[in-house]
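Structure record follows, encoded as C-alpha coordinates.
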Amino acid sequence: MQVRFIVINTASRESTDYELILDEKITIGRHLGSPIVVHSDGISRHHFSIAVSEGKLLAEDLSSNGTSLNGSFMQPETTVIVKEGDILGLPGYELHVAKVLQPHKKPDSAQVPEAATPKPNWVRTINTISELMEPRELLLLTLVVVVGALVAFVATS
(Lines give C-alpha, C1' and ligand atoms only; values in the text may rest on other atoms or scores of the structure.)
Protein backbone atom coordinates (compact mmCIF):
# COMPACT_ATOMS: atom_id res chain seq x y z
CA MET A 1 0.00 0.00 0.00
CA GLN A 2 1.33 3.43 -0.90
CA VAL A 3 0.58 6.25 1.54
CA ARG A 4 1.32 9.97 1.26
CA PHE A 5 1.75 11.87 4.53
CA ILE A 6 2.02 15.62 4.95
CA VAL A 7 3.89 16.34 8.17
CA ILE A 8 3.22 19.79 9.62
CA ASN A 9 5.21 21.40 12.42
CA THR A 10 2.42 23.05 14.44
CA ALA A 11 4.69 25.84 15.73
CA SER A 12 6.31 26.97 12.48
CA ARG A 13 3.59 25.61 10.11
CA GLU A 14 6.38 24.19 7.92
CA SER A 15 5.33 21.05 6.07
CA THR A 16 7.10 18.12 4.45
CA ASP A 17 5.61 15.48 2.13
CA TYR A 18 6.47 11.81 2.50
CA GLU A 19 5.40 9.01 0.19
CA LEU A 20 5.85 5.61 1.74
CA ILE A 21 5.23 2.12 0.46
CA LEU A 22 4.06 0.13 3.45
CA ASP A 23 4.76 -3.56 3.20
CA GLU A 24 5.64 -4.01 6.86
CA LYS A 25 5.05 -2.27 10.18
CA ILE A 26 6.99 0.99 10.59
CA THR A 27 7.43 3.32 13.53
CA ILE A 28 7.36 7.10 13.50
CA GLY A 29 9.25 9.13 16.09
CA ARG A 30 12.64 10.58 17.03
CA HIS A 31 14.59 7.46 16.05
CA LEU A 32 16.84 8.28 13.11
CA GLY A 33 15.96 4.94 11.52
CA SER A 34 12.31 5.94 11.20
CA PRO A 35 11.03 6.71 7.69
CA ILE A 36 9.53 9.91 9.14
CA VAL A 37 11.72 11.47 11.84
CA VAL A 38 10.12 14.13 14.05
CA HIS A 39 11.93 16.01 16.81
CA SER A 40 10.05 17.78 19.58
CA ASP A 41 9.65 17.68 23.34
CA GLY A 42 7.35 14.83 24.25
CA ILE A 43 8.03 12.68 21.18
CA SER A 44 9.32 9.17 21.82
CA ARG A 45 11.95 7.42 19.73
CA HIS A 46 9.19 5.05 18.60
CA HIS A 47 6.12 7.23 19.12
CA PHE A 48 3.55 5.29 17.08
CA SER A 49 3.44 2.59 14.45
CA ILE A 50 1.73 2.30 11.09
CA ALA A 51 0.96 -1.04 9.47
CA VAL A 52 -1.25 -2.56 6.80
CA SER A 53 -3.49 -5.49 7.60
CA GLU A 54 -6.16 -6.94 5.32
CA GLY A 55 -5.97 -3.86 3.09
CA LYS A 56 -6.51 -1.41 5.97
CA LEU A 57 -4.09 1.18 7.30
CA LEU A 58 -3.64 0.75 11.07
CA ALA A 59 -1.99 2.99 13.69
CA GLU A 60 -0.93 2.11 17.23
CA ASP A 61 0.24 4.55 19.93
CA LEU A 62 3.55 3.37 21.43
CA SER A 63 4.36 6.50 23.43
CA SER A 64 3.89 7.68 26.99
CA ASN A 65 2.74 11.16 25.86
CA GLY A 66 -0.02 10.02 23.54
CA THR A 67 -1.02 10.18 19.90
CA SER A 68 -4.33 11.55 18.66
CA LEU A 69 -6.45 10.61 15.68
CA ASN A 70 -8.58 13.50 14.41
CA GLY A 71 -8.28 15.28 17.78
CA SER A 72 -9.16 12.30 20.01
CA PHE A 73 -6.37 10.59 21.92
CA MET A 74 -5.82 6.96 21.04
CA GLN A 75 -5.77 4.40 23.83
CA PRO A 76 -2.19 3.21 24.46
CA GLU A 77 -1.30 -0.02 22.65
CA THR A 78 -4.67 -0.07 20.87
CA THR A 79 -4.82 -0.32 17.09
CA VAL A 80 -7.10 2.06 15.17
CA ILE A 81 -8.01 2.21 11.49
CA VAL A 82 -6.63 5.25 9.67
CA LYS A 83 -8.19 6.55 6.44
CA GLU A 84 -7.35 9.10 3.80
CA GLY A 85 -8.03 12.58 5.21
CA ASP A 86 -7.32 11.60 8.85
CA ILE A 87 -4.90 13.58 11.01
CA LEU A 88 -2.53 11.89 13.43
CA GLY A 89 -1.39 14.30 16.14
CA LEU A 90 1.69 14.09 18.29
CA PRO A 91 3.42 16.76 20.39
CA GLY A 92 4.34 19.61 18.04
CA TYR A 93 3.30 17.86 14.80
CA GLU A 94 0.34 16.80 12.70
CA LEU A 95 0.58 13.98 10.16
CA HIS A 96 -2.10 14.35 7.51
CA VAL A 97 -2.93 11.15 5.63
CA ALA A 98 -3.16 12.74 2.19
CA LYS A 99 -3.50 9.73 -0.08
CA VAL A 100 -3.86 5.98 0.30
CA LEU A 101 -3.36 3.83 -2.80
CA GLN A 102 -4.16 0.13 -2.78
CA PRO A 103 -1.71 -2.07 -4.67
CA HIS A 104 -2.95 -3.96 -7.69
CA LYS A 105 -3.69 -7.53 -6.67
CA LYS A 106 -2.44 -10.41 -8.77
CA PRO A 107 -4.72 -13.35 -9.40
CA ASP A 108 -4.31 -16.07 -6.79
CA SER A 109 -3.00 -18.53 -9.39
CA ALA A 110 -0.11 -16.17 -10.21
CA GLN A 111 1.00 -15.92 -6.59
CA VAL A 112 3.70 -18.40 -5.66
CA PRO A 113 4.34 -18.74 -1.94
CA GLU A 114 7.93 -18.16 -0.93
CA ALA A 115 9.67 -20.73 1.19
CA ALA A 116 10.30 -19.37 4.66
CA THR A 117 14.00 -19.49 5.43
CA PRO A 118 14.97 -18.97 9.04
CA LYS A 119 17.47 -16.21 9.65
CA PRO A 120 20.76 -17.11 11.35
CA ASN A 121 21.11 -16.05 14.99
CA TRP A 122 23.71 -13.38 14.16
CA VAL A 123 21.27 -11.69 11.74
CA ARG A 124 18.52 -11.63 14.39
CA THR A 125 21.03 -10.24 16.92
CA ILE A 126 22.12 -7.44 14.57
CA ASN A 127 18.48 -6.60 13.75
CA THR A 128 17.63 -6.42 17.46
CA ILE A 129 20.65 -4.22 18.24
CA SER A 130 19.89 -1.88 15.32
CA GLU A 131 16.30 -1.43 16.54
CA LEU A 132 17.44 -0.53 20.05
CA MET A 133 20.24 1.89 19.14
CA GLU A 134 20.38 5.17 17.31
CA PRO A 135 22.41 4.97 14.06
CA ARG A 136 25.22 7.10 15.50
CA GLU A 137 25.41 4.79 18.55
CA LEU A 138 25.56 1.78 16.25
CA LEU A 139 28.34 3.41 14.22
CA LEU A 140 30.34 4.15 17.39
CA LEU A 141 29.94 0.55 18.59
CA THR A 142 31.12 -0.75 15.21
CA LEU A 143 34.13 1.57 15.32
CA VAL A 144 35.07 0.37 18.82
CA VAL A 145 34.85 -3.28 17.73
CA VAL A 146 36.99 -2.67 14.62
CA VAL A 147 39.64 -0.73 16.56
CA GLY A 148 39.70 -3.46 19.21
CA ALA A 149 40.22 -6.12 16.53
CA LEU A 150 43.05 -4.08 14.97
CA VAL A 151 44.77 -3.62 18.35
CA ALA A 152 44.50 -7.36 19.04
CA PHE A 153 45.90 -8.15 15.59
CA VAL A 154 48.86 -5.77 15.98
CA ALA A 155 49.57 -7.09 19.51
CA THR A 156 49.80 -10.68 18.24
CA SER A 157 52.05 -9.79 15.28
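The values are calculated or read from the model by the stated rules, or taken from the named source; none is laboratory data. Nothing here was measured: the structure is a model prediction, and the numbers come from that model. Methodologically, a virtual Cβ is constructed for each residue, glycine included, from the backbone with ideal geometry; neighbour enumeration extends over all protein chains shown.
Quick notes
- Tally, over the range 1-18, of residues that are touching a residue at least 24 places away in the same chain (Cβ under 8 Å) and either of a type outside the set (A, V, I, L, M) or over 18 Å from ILE81 (Cβ atoms) (or both): 10
- Complete set of residues in the range 41-80 that are over 21 Å from VAL100 (Cα atoms) and surrounded by fewer than 15 Cβ atoms within 10 Å (Cβ to Cβ): ASP41, GLY42, SER64, ASN65, SER72, PHE73, GLN75, PRO76, GLU77, THR78
- Under the condition of being in a strand (DSSP E or B) and modelled with pLDDT of 85 or more, the residues counted in the range 73-113 number 15.
- Checked against the criteria, GLU131 does not count as modelled with pLDDT under 90, of a type in the set (Asp, Glu) and farther than 30 Å from SER15 by Cβ.
- Considered as a group, the residues in the range 134-143 that are surrounded by 10 or more Cβ atoms within 10 Å (Cβ to Cβ) and in a helix (DSSP H, G or I) include one that is modelled with the lowest pLDDT, and that residue is PRO135.
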